[in-house]
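Notes follow once the structure below has been shown.
Laboratory data are not the source of any read-out in this text; all were calculated from the coordinates shown. Since the model is a prediction, treat every value here as computed from it, not as a measurement. For neighbour counting, all protein chains shown are included, and Cβ atoms are generated from backbone atoms with ideal geometry for every residue, glycine included.
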Amino acid sequence: MHGYRIKDHIEQNFGHMWSINYGQIYPNLKKLYEDGLISMTEMNQNGEKGPTRKLYSITMKGKEEFSRWLEDSPEKPMLLRDPFLMRFVFYSFGDNNRSVEIIDNQIKRYENDLKRRRKNLKRWDKSGIYVRLIAELGTNLNEMFITWLKHSREEILKDISDNTSTEMKTEDRRIAG
């Protein structure tokens with residue numbers, strides 16, 4: 001697999017639990033290669049201009065190290081890192097109507113992801129129990145986020161409505177007084 005394909009594979013199949021960028025992939029591939037854990041073959045891109053494509057494969061030493069890694073306990077518990085959630089915390093400092101628009105966009109995004117995940121569940125079912133269970137986790141997380149986002153949207157709209165109503169009553173009293 002080449003670096004672009006590795007990134008695409010991780011995003012498509014493990015995006016609900018792991019994110020990666022090219023700044024992480026290529027330095028790690030270089031280190032894995034230097035450590036003898038993967039091999040690299042340079043190939044010309046059929047008829048395309050540009051640099052040769054580097055294809056990476058795991059070596060026997062890499063397979064042994066991978067087996068050791070599988071047997072170790074995970075370093076940290078699950079950590080939910082999502083730029084949207086970090087911003088969500090601070091939406092009260094911004095425009096409430098804009099925050100609802102952003103939430104609507106997130107709902108659409110998660111609904112599209114959910115469709116893709118559900119479509120892929122049958123394929124993952126053939127890949128063994130562990131892969132299937134992780135695929136189910138991704139689907140369940142998508143469903144949970146959609147439910148939470150829709151609930152949050154309704155709560156925020158209610159809060160906007162309540163605040164608007166309170167502001168109008170206060171203004172009416174000020175004018176009448």
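Numbers below:
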| read-out | value |
| --- | --- |
| Count of residues meeting criterion [in contact with a helix residue (DSSP H, G or I) (Cβ under 6 Å, 6 or more places away or on another chain) and farther than 14 Å from Phe14 by Cβ] in region 119-131 | 2 |
| Scope region 1-50; condition assigned to a helix (DSSP H, G or I) and among the basic types (Lys, Arg); matching residues | Arg5, Lys7, Lys30, Lys31 |
| Residues of region 8-40 satisfying the condition of being under 16 Å from Val131 (Cβ atoms), of a type in the set (Phe, Trp, Tyr) and surrounded by 12 or more Cβ atoms within 10 Å (Cβ to Cβ) | Phe14 |
| Counted residues, region 51-81 - those being assigned to a helix (DSSP H, G or I), surrounded by 10 or more Cβ atoms within 10 Å (Cβ to Cβ) and small (Gly, Ala, Ser) | 1 |
